[in-house]
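Visitor: Mind looking over this structure? Questions follow.
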Amino acid sequence: MSQKEFRLSRRDFMKIAGVYGVTSTALAAAALTGVITAPRLAQAANSTYEKRHKKTPFVVLKYGWSDFDLVKCFECRVGYPDFVRDLEERTDGEIRFEVYMNNSINNQGNGVAKVQQGIIDMCGNSTQNAAKGGPYYNVLDIATMFPSRASGYYFFYHPKSEKLLREPIRRQHNVEFLFSDFEFRAIALGEKFRDKPAITNIDDLKGMKIRTAGSQLSVITLNLLGMSPVPLAWEETLDALRQGLVDGQETNASSIQFGKMYPVTTQLLEIGTSPACMHTCIGTKALEKLTGRLQDAFWESAYLTQVIIQLGNEAALLNTIGAMPNPPAGTTLGDNKIKFVTYDAATHQEIVKRVSPKEHPDEWKSWMERLSEWAGVPNVFDEISAIANEVPAGTLAENVEPRRWWRG
């Protein structure tokens, strides 16, 4: 049996949440293991509610989870419930959360905007979508800046992530980048390729119509690989793949999982050029309301959550999703007969050569200049890439040493 097995309907969950609140019910479910039934969850939710409401909080933070409910959080380990539970316990209820799951108050595209407007205090969404409300987030979309997942986590922990990522986002967009997973966006092919051999020659990608979220930097990367980017809303992507309106989409393994795209995905091509990050941010005004002691607790919980994500998401990629060659039975890719395609060093270097800002400065020039100006450095790609490449080749992401980045 898996660690958690939910044997209750959404209606059961919402009925319990109607009594004890969504947040208390979600935290209760997060703490349970084994088979979770409605009576068992109700009992745990009652206990959790009483514990959480034993004192008046100093502040209540509204936290919107774009696209995610509790089950998806445990399938992909994005850290949302871990952060809530730890910070409430760490502050003995002085900080309390109201959680809004599964787009009930914000979605992927408007999460940062709603934080900026004060409608919610915090949101969890992809950095690519966050860029719609905070254009400096596009810095993470520059192709070939990170050689591995390990290098991405290393950068998030690095003290220089303050100057090169966090401070520009704070200054330009009035939100604070807290924690994130780190994967690479792949090319996920649809029904047209179900009975075809794995795409191992990158020239075979030329001319393919590939759905993208609309990121201008993604469009640059796909164009340089000879593909035809098709901006399409996430909600429309499943039908477009099913009907063959697009050949595939640019996305990562975890998104195939939580977005339930596996019935219409046939091949996952790990080209490994552009990051896919599901992050959490908080509005600067909400953070500034916290006293020094509570801010210290806040950052410690953010740090712990980043560690949980680093280890948990790496485990989920293998054990739940099956993101490996020849995915085994019992994983999402294995059970859905999805080919997981990786490329040897020579082919990967050719991919890098075709999309790198170093090799194609004219295509990347306007964005590189804009992002570098916002960061206050001559070339932000060079700065971040230098840090990312401090990680020895072959380092596993789970072996990156955590650091409290805000302490310098």
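Visitor: Take the residues in the stretch 217-241 that are modelled with pLDDT of 95 or more and part of a loop (DSSP other than H, G, I, E, B); name whichever of them is surrounded by the fewest Cβ atoms within 10 Å (Cβ to Cβ).
Guide: Filtering the stretch 217-241 for residues that are modelled with pLDDT of 95 or more and part of a loop (DSSP other than H, G, I, E, B), the one surrounded by the fewest Cβ atoms within 10 Å (Cβ to Cβ) comes out as Gly226.
Visitor: For residues that are among the β-branched types (Val, Ile, Thr) and surrounded by fewer than 24 Cβ atoms within 10 Å (Cβ to Cβ), scanning just the stretch 111-125, find the one that is farthest from the chain's Cα centre (by Cα).
Guide: Result: Ile119.
Visitor: If you take the residues of the stretch 391-408 that are over 14 Å from Arg149 (Cβ atoms) and exposed (fewer than 12 other Cβ atoms within 10 Å of the Cβ), which of them is modelled with the highest pLDDT?
Guide: Glu401
Visitor: State which residue is nearest to Ile308 (Cα to Cα) when the search covers only the stretch 178-196 and only residues that are at pLDDT below 95 and not basic (Lys, Arg).
Guide: Per the criteria, the residue is Gly190.
Visitor: Taking the criterion of being over 27 Å from the mean Cα position of the chain (by Cα) and either closer than 24 Å to Leu290 by Cα or of a type outside the set (Phe, Trp, Tyr) (or both), would at least one residue in the stretch 58-74 satisfy it?
Guide: Within the stretch 58-74, one or more residues are over 27 Å from the mean Cα position of the chain (by Cα) and either closer than 24 Å to Leu290 by Cα or of a type outside the set (Phe, Trp, Tyr) (or both).
Visitor: Take the stretch 254-294 and flag every residue that is in the same structural domain as Val112 (by TED's automatic domain parsing), β-branched (Val, Ile, Thr) and over 26 Å from Ser151 (Cβ atoms).
Guide: Thr284, Thr291
Visitor: When you scan the stretch 153-216 for strands (runs of 3 or more DSSP E) that lie fully inside it, which ones turn up with 1 or more residues that are under 30 Å from Gly118 (Cα atoms), touching a Lys or Arg at 6+ places or on another chain (Cβ under 8 Å) and acidic (Asp, Glu)?
Guide: 175-180
Visitor: Could you figure out which of (1) farther than 26 Å from Ala253 by Cα; (2) under 21 Å from the mean Cα position of the chain (by Cα) isn't true of Lys54?
Guide: Failing condition for Lys54: (2).
Visitor: Could you figure out which of (1) in contact with a helix residue (DSSP H, G or I) (Cβ under 6 Å, 6 or more places away or on another chain); (2) of a type in the set (D, E, K, R); (3) under 26 Å from Lys196 (Cβ atoms) isn't true of Glu359?
Guide: (3) is the only condition that Glu359 fails.
Visitor: Quickly run through the stretch 360-375 and pick out the residues that are in contact (Cβ under 8 Å) with a residue 60 or more places away in the chain and under 14 Å from Leu164 (Cβ atoms).
Guide: Those that are in contact (Cβ under 8 Å) with a residue 60 or more places away in the chain and under 14 Å from Leu164 (Cβ atoms): Met368, Leu371, Trp374, Ala375.
The values are calculated or read from the model by the stated rules, or taken from the named source; none is laboratory data. These numbers come from a predicted model, not from an experiment. We place every Cβ from the backbone using ideal geometry, glycine too, and count neighbours over all the protein chains shown.
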